[in-house]
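K.L.:
Here it is, the structure in full.
The values are calculated or read from the model by the stated rules, or taken from the named source; none is laboratory data. For clarity, every value in this text was computed on a predicted model and none was experimentally measured. Please note: Cβ atoms are built from the backbone with ideal geometry, for glycine as well, and neighbour counts cover all protein chains shown.
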Amino acid sequence: MTAARARGVLALAGMTFVALACAVALAGVLPADETVRRALLGLASPALLPLLRAVNELGHWPVLLPATFVLIAAVPDLRRHWWVWLALMVLATTTPDLFKALIGRPRPADVSLGFPSGHATAAAGFFGAIVYVAGGLPPGRRALVRLASVALVLAVGVARVMLDKHWPSDALGGIALGFALAAGASWLSARRAAGPAPAAPAASPTSRRG
């Protein structure tokens with residue numbers, strides 16, 4: 001992912017998160033939250049619960065932090081700026097709690113705070129890093145890895161709702177926040193990999209005389 005593209009994703013995901021956070025802070029439960037929640041809960045059959053719990057683990061920080069160390073160790077592009085990607089996952093697993101305290105909206109099934117979903121944020125941060133790494137793959141494999149990464153993030157968000165842990169907007173807000181953090185890390189890493197911009201050539205004496 002180029003620095004320009006990462007900057008675009010950062011702007012889009014960041015604006016989406018800010019818009020959702022403002023709407024939730026002002027309105028509480030959004031108009032579509034209850035409708036979407038009921039529809040997804042209606043699909044959560046007992047036979048599906050083990051799969052939902054397994055998918056849920058893809059947003060659990062005790063799983064993702066060790067996976068981040070493995071990813072950094074295995075991928076030279078990440079290893080060169082390892083501190084950027086480690087900071088990404090630390091932020092992705094800690095900033096949701098700050099926003100939960102700031103916004104203060106309870107979850108649908110209990111009084112604990114829920115916006116944004118920490119699992120969705122962490123999953124989007126981790127798999128957003130994989131989207132960046134996939135930039136070095138051949139086009140066919142790159143598209144497949146990126147599509148699978150986004151699908152897994154969405155699956156974590158859906159699982160959080162189907163397990164009745166979050167409102168849909170909690171999950172969507174977490175996805176937007178996680179992708180914004182991953183895009184910020186991608187932009188910083190790409191900028192550092194490109195190095196400083198070349199200095200402009202000094203004007204010759206003839207050109208200065210005009």
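Table: residues versus (1) crowded, with 18+ Cβ neighbours inside 10 Å; (2) at pLDDT 95 or above; (3) closer than 22 Å to MET15 by Cα.
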| residue | (1), (2), (3) |
| --- | --- |
| LEU98 | no, yes, yes |
| ILE103 | yes, yes, yes |
| ARG107 | yes, yes, no |
| HIS119 | yes, yes, yes |
| ALA124 | yes, yes, yes |
| LEU137 | no, no, no |
| VAL145 | no, yes, no |
| SER169 | yes, yes, yes |
| LEU172 | yes, yes, yes |
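K.L.:
In the set LEU154, LEU172, LEU177, LEU147, which member is part of a helix (DSSP H, G or I), closer than 21 Å to ARG37 by Cα, without any contact (Cβ under 8 Å) to a residue 24 or more places away in the chain and not hydroxyl-bearing (Ser, Thr, Tyr)?
P.N.:
So the residue among LEU154, LEU172, LEU177, LEU147 that is part of a helix (DSSP H, G or I), closer than 21 Å to ARG37 by Cα, without any contact (Cβ under 8 Å) to a residue 24 or more places away in the chain and not hydroxyl-bearing (Ser, Thr, Tyr) is LEU154.
K.L.:
Any residue in the range 106-131 that's among the hydroxyl-bearing types (Ser, Thr, Tyr): show its pairings with residues that are part of a loop (DSSP other than H, G, I, E, B) at Cβ separation under 9 Å, as long as the two are six or more apart or on different chains.
P.N.:
Final answer for the pair search is SER117/LYS165; SER117/HIS166; SER117/TRP167.
K.L.:
Wholly within the range 57-131, which helices (runs of 4 or more DSSP H) include no fewer than the required count, namely at least 2 residues that are aromatic (Phe, Trp, Tyr) and within 16 Å of the chain's Cα centre (by Cα)? Outline the logic, then answer.
P.N.:
Numbers: elements: 61-74, 76-80, 82-103.
By residue number, 82-103.
K.L.:
Mind listing just one residue for me: the one in the range 29-51 that is surrounded by 14 or more Cβ atoms within 10 Å (Cβ to Cβ) and of a type outside the set (A, V, I, L, M) and, of those, nearest to ARG160 (Cα to Cα)?
P.N.:
ARG37
K.L.:
While we're on this one: Of all residues in the range 135-144, which are farther than 19 Å from LEU181 by Cβ and assigned to a helix (DSSP H, G or I)?
P.N.:
Scanning the range 135-144 gives GLY136, PRO139, GLY140, ARG141, ARG142, ALA143, LEU144.
K.L.:
Before we move on, is LEU65 modelled with pLDDT under 95, under 20 Å from MET1 (Cβ atoms) and surrounded by 12 or more Cβ atoms within 10 Å (Cβ to Cβ)?
P.N.:
In short, no.
K.L.:
While we're looking at this one, here's another question. Would you point out the residue of the range 9-28, among those that are free of Cβ contacts under 8 Å to residues at least 60 places away in the same chain and either crowded, with 17+ Cβ neighbours inside 10 Å or under 21 Å from the mean Cα position of the chain (by Cα) (or both), that is farthest from GLY128 (Cα to Cα)?
P.N.:
So, considering only residues that are free of Cβ contacts under 8 Å to residues at least 60 places away in the same chain and either crowded, with 17+ Cβ neighbours inside 10 Å or under 21 Å from the mean Cα position of the chain (by Cα) (or both), the one farthest from GLY128 (Cα to Cα) is CYS22.
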